[in-house]
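We did not get these values from a lab; they are worked out from the coordinates using the rules stated. Just so it is clear, the structure is predicted and the values come from calculations on it, not from any experiment. Heads up, the Cβs are rebuilt from the backbone with ideal geometry, glycines too, and the neighbour counts pull from every protein chain shown.
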Amino acid sequence: MVKLGGALDDEMTRACADVRTLVSGGAEVVVVHGGGAAADRVGTELGRPTRHLTSRDGRRSRYTDAAALDTLMLGILGRVKPTIVTALASLGVRAVGLSGLDGGMVTATRNRASRAILDGMEVIVRDDLSGRLSDVDASLPNTLLAAGFVPVISPPALSTDGPLNVDADRLAAALAVALSADTLVVLSNVPGLLRDRHDPASLITSVPVDAPEEYLALAEGRMKVKLRAAVEARRAGVGTVVLADGRTDSPVLTATGTRFVTREEHHARAS
Ligand SMILES: Nc1ncnc2c1ncn2[C@@H]1O[C@H](COP(=O)(O)OP(=O)(O)OP(=O)(O)O)[C@@H](O)[C@H]1O
Ligand SMILES: [Mg+2]
């Protein structure tokens, strides 16, 4: 499982050559992607700039009212996904673009109304169309893998309230678990978890999944979500989970970055 972070933007397709190498070697590969940066650009073009909510505990998230969800889908499904599928196709990989809506693959529960700061004002947000994953059904991607295709999967997810935005890192982790993946490589525009997010040399090379709190405290915003998702995937049986830099030449095959390991492995690495 390879997750291409939305933060990679134009550099998302760098990993495609590695996907081809893996598929040629007989591996089954699933790609999951985000697309926040592309959606922000679509929003600017349509005169619907992205707005953010800040929750009472300081978490910042995309405000996804109906117009923003539409913008997000235009960006992720209309631009990012065809770019990835085309890049894979040009390398001879038979990729199939899907979202969580297809085949009932990913269902989510809408986040409840909450108090937040929006455009400097404290409001109760009732119209946010984002949610938490509730169920993943891997039968469609499994069918495609068995037939030799590479599924390219992204938000949104299905719900009784219509499509919902869900975090792409959580989606990748949940799919990796549902597909019993051996490996989850999460690529973004940073070398991995950084002790100081402004210093790329401060890379943390391993996070113990049985005691990750100290490391979660280093992450801000969506990086915290990314870490939680990685810890959950490793705890749920995905053998290798690594956060790595997607901006390198061979980002999947050479992925070093931050590994999620047992306490014993963590201490062995440190000594
Ligand atoms: N301690 C940290 N170390 C590294 N990055 C951090 C840290 N704290 C916060 N970040 C931020 O986390 C970002 C990566 O997470 P983010 O979810 O925004 O990107 P993504 O997963 O690539 O995008 P998407 O979720 O849309 O696919 C980095 O760009 C960085 O700015
Ligand atoms: Mg993310």
Scoring the chain by relative contact order with C-alpha pairs under 8 Å, at least six apart, yields a percentage of 22 percent
Would you calculate, for the chain, the mean residue ellipticity at 222 nm contributed by helices, counting each DSSP H stretch of 4 or more residues as -39,500 (n - 2.57) and dividing by all residues, to the nearest 500?
-9000 deg cm²/dmol
I'd like the distance between the alpha-carbon centres of the range 207-271 and the range 153-192, rounded to an integer number of Å.
16 Å
Grab the Cα-Cα distance for Thr240 and Ala89, subtract it from 0.36 nm times how many residues apart they are, and report the gain in nm with one decimal.
51.6 nm
What is the spin-label model distance, in nm, from Arg79 to Met121 if the labels are put 7 Å beyond Cα along the C-beta direction?
2.9 nm
Exposed trypsin sites (Lys or Arg not before Pro) being those in a DSSP loop with at most 11 other Cβ atoms within 10 Å, the longest stretch of the chain free of them is 196-271
Cut-off is 10 Å between beta-carbons; in what order do Ile204, Ile76 appear when sorted fewest neighbours first?
Ile204, Ile76
Between Gly35 and residues 5 or more places away or on another chain, which pairs have amide H atoms under 5 Å apart, with H built 1.01 Å from N, and which residues are they?
Gly6
Could you give the nm distance between label points at Thr143 and Asp182, where each point is 7 Å from its Cα heading toward the beta carbon?
2.6 nm
Spin-label pair Thr44/Asp57, simplified geometry with 7 Å Cα→Cβ offset, distance in nm
3.3 nm
Arg263 to Ala113: extension gain in nm, 0.36 nm per residue of separation minus the Cα-Cα distance?
50.2 nm
Taking θ as phi - 60°, what are the ³J(HN,Hα) couplings along the range 64-73 by the Karplus curve (6.51, -1.76, 1.60), each to the nearest whole Hz, with x for Gly and Pro?
10, 6, 4, 5, 5, 5, 4, 4, 4, 5
With θ taken as phi - 60° and the coefficients 6.51, -1.76 and 1.60, list the Karplus ³J(HN,Hα) couplings across the range 260-267 in order, rounded to whole Hz; mark glycine and proline as x.
9, 9, 6, 4, 4, 4, 4, 5
Any idea what the relative contact order of the range 87-175 is, in percent, if you count C-alpha pairs under 8 Å spaced at least 6 apart?
36 percent
Please list log₁₀ I(q)/I(0) at q = 0.08 Å⁻¹ for the chain, using the Debye equation with identical point scatterers on the alpha-carbon positions.
-0.31
Skipping prolines and chain starts, which residues have an amide H placed within reach, meaning under 5 Å, of the one on Val96, given they are 5 or more residues away or on another chain?
Val150, Val152
Over the Cα atoms, compute the radius of gyration (one decimal) and Dmax (the largest Cα-Cα distance, rounded to a whole number) for the range 1-112, in Å.
15.8, 49
For the range 183-189, Karplus couplings with θ = phi - 60° (6.51, -1.76, 1.60), whole Hz, Gly/Pro x
9, 10, 10, 10, 9, 8, 8
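Pop the C-beta distance of Thr254 and Asp196 into the FRET formula with R0 = 22 Å and round what comes out to the nearest 0.05.
Step by step, r from the Cβ atoms, then E = 0.40.
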Cα-based Rg of the range 77-147 per 2.2 N^0.38 Å, rounded to two decimals?
1.59
Paramagnetic label zone (point 7 Å from Cα along Cα-to-C-beta, Ser24; backbone N under 17 Å) in the range 247-262:
249-254
DSSP beta bridges in the chain, what fraction antiparallel, as a percent rounded to 5?
45 percent
